[in-house]
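Notes for the one structure printed next.
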Amino acid sequence: MKVKKAVIPAAGWGTRMLPVTKSVPKELLYLAGKPVLQYIIEEAVASGIEDILIITNRGKSAIDDYFDYHPDLEGKLANSGKAKELAQVHNPADLANFYFIRQKEAKGLGHAVGKARGFVGNEPFAVLLGDDIMQAETPVLRQLIDAAERYEASALGVQKVSDQALSRYSSVKVEPLEEKVFRATDMIEKPGPGQAFSNYAILGRYVLTPDVFDIIENLKPGYGGEIQLTDALQQLCLRSPMVAVDFEGRRYDTGNPIGFLEATLEFSARDPETGPWLEAYLKERAGQK
Ligand code: UTP
């Protein structure tokens, strides 16, 4: 099994980040030096992905523009000798082969992934959520692809979350296979009290086999009236092997204000250009209390 294609759903409303998401895609918000989405694409590329389909909507064409050249601006930067800025503007377009499709109605994550059928064809493919950034020594998607290849299976990125947090995620029923890798045998989206299978929650990364598309096409709306990817995966794991990988690394949900702030602080602290300033600022603030 070789995984060379990735799908990034980025067509959600971003209601937790309003009002800015009324006209600015949350995936392009500036986070410690570059847009959120660029971190996710860099992870995909570092994991061996070559072709990337980004699922957008009519309010998000700025995403297509970002992963394109900008001859006017590049010419101006070249003429004024701004080599660093020129590279920053030019290089994102060359990270991968980019494809774009619109989800004409935001009917849910499963519905968005269903739009990728023509792009994916008959190969296994990766899904990376457009607002979840991962920081890990080995890229998280690479960890999933390795397990998917080893077991000839679909793979879910999971980590343990607290009982209180579980109702915001999908809970997976797992059976141990090896350290950090489980067989996934069932799952539920946003479990209510007493409904969770385990504290392992799916966190923003998947490797899927193309048989998921037939399932999505026949899926009824689930939690929140949306076509849920988890409902499709629940059926997929009954038909074909699926593993859950308790990945090494940290996930930042940049789709909510606290997660966005956490990622901004964490990445700014590590950046040699901003880290020393941030440390001094936080110390000064702590001293004022
Ligand atoms: P989220 O629930 O995190 O995104 O979906 P959202 O719907 O934009 O967020 P809120 O709740 O309104 O704040 C997870 C991922 O699925 C995509 C989102 O863009 C995000 O990357 N998504 C969700 C779609 O592409 N289409 C949809 O219909 C729903």
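The values are calculated or read from the model by the stated rules, or taken from the named source; none is laboratory data. Since we're looking at a predicted model, the values are computed, not measured. Glycine also receives a Cβ, built like all others from the backbone with ideal geometry; neighbour counts cover every protein chain displayed.
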task: Kindly list, by first and then second residue, each pair from a residue in the range 1-15 that is farther than 19 Å from Gly118 by Cα to a residue that is more than 7 Å from the ligand (Cβ to nearest atom) and among the acidic types (Asp, Glu), limited to pairs with Cβ atoms under 7 Å and residues at least 6 apart or on different chains.
output: Met1/Glu149; Met1/Glu152
- prompt: For the range 179-189, does any single residue satisfy the condition of being within 14 Å of the ligand (Cβ to nearest atom), at pLDDT below 95 and either within 24 Å of Met17 (Cβ to Cβ) or surrounded by 23 or more Cβ atoms within 10 Å (Cβ to Cβ) (or both)?
  reply: yes
- request: Name, by its number, the condition in (1) surrounded by fewer than 13 Cβ atoms within 10 Å (Cβ to Cβ); (2) at positive phi that does not hold for Arg58.
  value: (2)
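For the range 190-230, give me each residue that is over 15 Å from Val127 (Cβ atoms) and of a type in the set (Asp, Glu).
Of all residues in the range 190-230, those over 15 Å from Val127 (Cβ atoms) come to 190-201, 214, 217-226.
Answer for the range 190-230, where residues must be over 15 Å from Val127 (Cβ atoms) and of a type in the set (Asp, Glu): Asp214, Glu217, Glu226.
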- request: Output yes when any residue across the range 160-178 is in contact with a strand residue (DSSP E or B) (Cβ under 9 Å, 6 or more places away or on another chain), crowded, with 18+ Cβ neighbours inside 10 Å and at pLDDT below 95, and no when none is.
  value: no
Check on Ala232, of a type in the set (Gly, Ala, Ser), touching a helix residue (DSSP H, G or I) at 6+ places or on another chain (Cβ under 7 Å) and without any contact (Cβ under 8 Å) to a residue 60 or more places away in the chain: no
query: Which members of the range 251-274 meet the condition of being in contact (Cβ under 8 Å) with a residue 40 or more places away in the chain and either closer than 22 Å to Pro176 by Cα or within 16 Å of the ligand (Cβ to nearest atom) (or both)?
result: Arg251, Tyr252, Asp253, Thr254, Gly255, Asn256, Pro257, Phe260, Ala263
- prompt: What residue, among those in the range 130-147 that are crowded, with 24+ Cβ neighbours inside 10 Å and outside any helix (DSSP H, G or I), is farthest from the ligand (Cβ to nearest atom)?
  reply: Ile133
- request: Just need a number here: residues in the range 148-180 that are in a strand (DSSP E or B), farther than 18 Å from Leu229 by Cβ and within 20 Å of the chain's Cα centre (by Cα).
  value: 1
- request: Name the helices (runs of 4 or more DSSP H) wholly inside the range 1-117 in which the number of residues that are within 14 Å of the ligand (Cβ to nearest atom) is 3 or more.
  value: 36-46, 109-114
message: Being crowded, with 16+ Cβ neighbours inside 10 Å and closer than 22 Å to Ala116 by Cβ is true for just one of Gly249, Gly204. Which residue is that?
response: Gly204
message: Which pairs turn up if I take residues in the range 54-69 that are closer than 14 Å to Pro92 by Cα and look for partners that are more than 15 Å from the ligand (Cβ to nearest atom) with beta carbon separation below 6 Å, at least 6 apart in sequence or on another chain?
response: Phe67/Pro92; Phe67/Ala93; Phe67/Phe98; Asp68/Ala93; Tyr69/Ala93
